[in-house]
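Reviewing the structure listed below.
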Amino acid sequence: MNIVITGASRGIGLETAKELIEHGHQVHILTRNVESTKTLFGCNTIQFDLETFDTSLLESLPEIDILINNA
């Protein structure tokens, strides 16, 4: 499954991302703090800020099965 998680640079979002990656899901993380997710392997981390949101970002993602809006 393709899963997008917003706000996954720490706390519940980060732990959720780790768990989903371990279960073989393709995880895409949208976060302002890319540095804190560099230890995650097997995910796609995208720097994201609602203030500068560009809709072309959505076109670059595969079809989304699940969205976890943690931000």
Among all residue pairs at least 6 apart or on different chains, which show Cβ distances below 6 Å where the first residue, located in segment 29-54, is charged (D, E, K, R) and the second is open to solvent by less than 100 Å² (accessible area, probe 1.4 Å) and outside any helix (DSSP H, G or I)?
Arg32/Asp49
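Here is a yes/no grid of residues against (1) in contact with a helix residue (DSSP H, G or I) (Cβ under 8 Å, 6 or more places away or on another chain); (2) exposed (fewer than 12 other Cβ atoms within 10 Å of the Cβ):
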{"site": "Ser9", "(1), (2)": "yes, no"}
{"site": "Thr31", "(1), (2)": "yes, no"}
{"site": "Phe41", "(1), (2)": "yes, yes"}
{"site": "Gln47", "(1), (2)": "yes, no"}
{"site": "Asp54", "(1), (2)": "no, yes"}
{"site": "Pro62", "(1), (2)": "no, yes"}
Flag for Ala17 being crowded, with 19+ Cβ neighbours inside 10 Å and either β-branched (Val, Ile, Thr) or touching a helix residue (DSSP H, G or I) at 6+ places or on another chain (Cβ under 7 Å) (or both)
no
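The values are calculated or read from the model by the stated rules, or taken from the named source; none is laboratory data. Predicted model only: the values in this text are computed from it and were never measured. With ideal geometry, Cβ positions are generated from the backbone for all residues, glycine too; neighbour counts draw on all protein chains shown. The protein model used for the area step is the full one, side chains on, heavy atoms only, and it has no ligands, DNA or RNA in it. Shrake-Rupley method; radii C 1.70, N 1.55, O 1.52, S 1.80 Å.
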